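I have placed the structure first, in the form of structure tokens, so that the comments after it can refer back to it.
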Amino acid sequence: MTEHEISKIFSTVVLDHVIPARTPWSGVVRKGQVIRIIDLESQQAVDALFYNAHAYHERYSAQDTLVNQGAAYISTGTSLYSNEGNVLMTVVADTCGRHDTLAGACSCESNTVRFGHETKYMHACRENFLLEVEKYGMSKRDIVNNVNFFMNVPILQNGELVIDDGLSDPGGYVDLRAEMDTLVVISNCPQVNNPCNGFVPTPVRVVIGDPVSL
């Protein structure tokens, strides 16, 4: 995304940051601001958690989100609900088409179960989340079901979830508008044992700013 493209979307940019492959990041998006998450090279899963920035006990609820929208996937128009029934963020633009909130985050334990004991040492999203939420005085008890942006998880007719090749193109993005001050915690997924990252984790970019008024 060029500076000209940024200026068409944001009147003021407060953060423009590249998250290296396999690493975590967090930041607060103020009410009314937009965060754009950009899949720079394509097929990179971005695991994300959301918290009320002033009361961390209020956080993203996959269950409330799915019930309120009546659909299994997240895309333009989806409101991300909290466990207290409030809207944390709204998806206002999306080039990918759909994002997962059912498959959860990879962990050392799930790697072992799914891919063999020899993979337990591999870094995973749950560990990234834990490293990041500890900065805010939270612990593993505060890590809940997350959104997997750009992750393609088809639901088979028998109800089984399948992690398949990603759908996003290079430079694909999703824009989320904060409906309250929201702490966003991201794990740029390090998984290499399934195709959620095309087997090669890559950097992603986050831009936060005040949107241009229409």
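Per-structure values
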quantity: At most 12 other Cβ within 10 Å, DSSP loop - trypsin sites (Lys or Arg not before Pro), segment 1-105; calculated: LYS31
quantity: Over segment 8-91 - Rg/Rh using Cα atoms and the Kirkwood inverse-distance radius; calculated: 0.96
quantity: Spatially close lysines, pair count over the chain: Cα under 26 Å, gap of eight or more or interchain; calculated: 4
quantity: Environment charge of PRO170, counting only residues whose C-beta is closer than 10 Å and scoring Lys/Arg +1, Asp/Glu -1; calculated: -3
quantity: Projected label distance in nm at HIS57 and ARG205, using a 7 Å step from Cα toward the beta-carbon; calculated: 4.0
quantity: Computed Kirkwood radius, in angstrom, where 1/r is averaged over Cα pairs of the chain; calculated: 17.2
quantity: Choice from VAL13, VAL185, VAL133 with maximal GNM fluctuation in the chain (Cα, 10 Å cutoff); calculated: VAL13
quantity: Nearest-10 value in Å² for the accessible area of LEU15, using the 1.4 Å probe; calculated: 60
quantity: Per-selection Rg to Rh, segment 56-97 - Cα, Kirkwood hydrodynamic radius; calculated: 0.98
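The values are calculated or read from the model by the stated rules, or taken from the named source; none is laboratory data. Just so it is clear, the structure is predicted and the values come from calculations on it, not from any experiment. Virtual Cβ from ideal backbone geometry, glycine too; neighbours counted across all protein chains shown. The accessibility values were calculated without ligands, DNA or RNA, using every heavy atom of the protein model including side chains. Shrake-Rupley method; radii C 1.70, N 1.55, O 1.52, S 1.80 Å.
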